[in-house]
Amino acid sequence: MMEFTYVITDPEGIHARPAGMLVAKAKQFASQIEIKSGDKTGDLKKIFSVMSLGVKNGQEVTLTFNGEDEAKASAEIRQFMEENL
């Protein structure tokens, strides 16, 4: 299992457009990927699960990766978030 924490820098938080792109990116991997904000946890491969977290600018999220390609998934999702969120 791998995990990293990221603080959202997008002024609008995790909104529809980047959330859709993030979910599409997550679906490229076999690993199970979860996103946690506060006491809420969601499946990163499901758009409604991600949007229901209501993550705003400045909030911290923790992403957890578990599976055969977790190292690659973690690296690529981290890069995506740094570039887009």
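The values are calculated or read from the model by the stated rules, or taken from the named source; none is laboratory data. Bear in mind the structure is a predicted one, so any value in this text is a computation, not a measurement. Cβ sites come from the backbone with ideal geometry, for glycine too, and all protein chains shown count toward neighbours.
Of everything in the stretch 9-23, what is in a loop (DSSP other than H, G, I, E, B) and either within 14 Å of Ala75 (Cα to Cα) or at pLDDT 95 or above (or both)? Give them in sequence order.
Scanning the stretch 9-23 gives no hits.
Out of all the residues in the stretch 44-85, which are crowded, with 16+ Cβ neighbours inside 10 Å, of a type in the set (S, T, N, Q) and within 17 Å of Ala19 (Cβ to Cβ)?
Answer for the stretch 44-85, where residues must be crowded, with 16+ Cβ neighbours inside 10 Å, of a type in the set (S, T, N, Q) and within 17 Å of Ala19 (Cβ to Cβ): just Ser49.
Filter the stretch 44-54 for residues that are part of a loop (DSSP other than H, G, I, E, B) and closer than 22 Å to Pro11 by Cα; which is nearest to the chain's Cα centre (by Cα)?
Leu44
Answer yes or no: is there a residue in the stretch 24-31 that is loosely packed, with under 15 Cβ neighbours inside 10 Å and modelled with pLDDT under 95.
No, the conditions are met nowhere in the stretch 24-31.
If Met21 passes every condition in (1) surrounded by fewer than 16 Cβ atoms within 10 Å (Cβ to Cβ); (2) touching a helix residue (DSSP H, G or I) at 6+ places or on another chain (Cβ under 9 Å); (3) over 16 Å from Asp10 (Cβ atoms) but one, which one does it miss?
Unmet for Met21, out of (1) surrounded by fewer than 16 Cβ atoms within 10 Å (Cβ to Cβ); (2) touching a helix residue (DSSP H, G or I) at 6+ places or on another chain (Cβ under 9 Å); (3) over 16 Å from Asp10 (Cβ atoms): (3).
Do you know which residues across the stretch 32-43 are buried (at least 16 other Cβ atoms within 10 Å of the Cβ) and either in a loop (DSSP other than H, G, I, E, B) or in contact with a Lys or Arg (Cβ under 7 Å, 6 or more places away or on another chain) (or both)? Break it down stepwise before answering.
Start the filter on the stretch 32-43 by keeping residues that are buried (at least 16 other Cβ atoms within 10 Å of the Cβ), which leaves 32-37, 42.
Within the stretch 32-43, just Ile33 meets the criteria.
Among the residues of the stretch 6-65, which ones are touching a residue at least 60 places away in the same chain (Cβ under 8 Å) and either touching a Ser or Thr at 6+ places or on another chain (Cβ under 9 Å) or aliphatic (A, V, I, L, M) (or both)?
Tyr6, Ile8, Ile14, Met21, Leu22, Leu63, Thr64, Phe65
Taking only the stretch 55-77 into account, find how many residues are part of a loop (DSSP other than H, G, I, E, B), out of contact with any strand residue (DSSP E or B) (no Cβ under 8 Å at 6 or more places or on another chain) and either more than 16 Å from Val7 (Cα to Cα) or of a type in the set (Gly, Ala, Ser) (or both).
The total comes to 2.
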